[in-house]
Amino acid sequence: MPDTSFSHPKWAGNMLGFGGDAQNRTGDRAFAELCLTTWPRRLDRNIVDSDLVAVNRPGRDQLREVLGRLPSGVSVVATMTEGGFRGMTVSTLVSVSIEPPLILVCLEVLSLARDAIVASGRFSANVLAREQEFLAERFAGQAPVVDLAWSQINYRTGHLGLPLIEGSAAQLECVVEAVHRAGDHDIVVGRVEGLALGSTEPLVRWDHAYWRLS
């Protein structure tokens, strides 16, 4: 069972330091080896080095393709509202500072979860485990919608009253420090007030699919 006990960030040291067919391709090989062995099969995407140099104003699809080559974790950020919980899947969760303990997440400007997080001034960040791919899809709106009561989600509430998804690889509770508009997203900086570290492998997003580390 993962250790879901919370501790103050000062004891955490440097801890702060999306398709289904991907699961069948991974097997037991290391993630780095997998990237190298599958790379030749992915060279027919109409994006080569010469194209990247020539494109001064890349189109939306080109930008998505390039940024999709950057591996990232997958998290559900959420908050509590008067009507229930609001949450969304994000692939941008970044450590900003150890002292003070700060992280940032990027939220779509038009999302209801973004509105709720900014209004409440606090949020949880649940780093999803490898077996929680379905939750990533649900909170991204690609599967049955999650109701405000989270009646079908296994969660508990932290000391800030925020929803923490059980079985996740890590959990953080944050207070909003700043919000910066950046195009169609807001950069939300949060001060970490509590955290927990599980024992499970995290879910990874790379090349528009979900992967495992090993």
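The values are calculated or read from the model by the stated rules, or taken from the named source; none is laboratory data. As the structure is a computational prediction, the values presented were derived from the model and not from experiment. Here the Cβ positions follow ideal geometry from the backbone for every residue, glycine too, while neighbour counts run over all protein chains shown.
Looking at segment 55-79, which of the residues that are modelled with pLDDT under 90 and assigned to a strand (DSSP E or B) is nearest to residue 130 (Cα to Cα)?
73
Picking from 201, 173, which residue would you name as being within 21 Å of residue 94 (Cα to Cα) and touching a Ser or Thr at 6+ places or on another chain (Cβ under 6 Å)?
After ruling out the rest, the residue left standing is 173.
For segment 80-101, name all the residues that are touching a Ser or Thr at 6+ places or on another chain (Cβ under 9 Å) and assigned to a strand (DSSP E or B).
80, 81, 85, 86, 87, 88, 89, 90, 93
What's the number of the only condition in (1) modelled with pLDDT under 95; (2) touching a Ser or Thr at 6+ places or on another chain (Cβ under 7 Å) that residue 163 fails to meet?
(1)
Please list, ordered by first then second residue, the pairs with beta carbon atoms under 7 Å, 6 or more apart or interchain, first in segment 196-214 and within 13 Å of residue 75 (Cα to Cα) and aromatic (Phe, Trp, Tyr), second at pLDDT below 85 and in a loop (DSSP other than H, G, I, E, B).
So the pair list comes out as 210/18.
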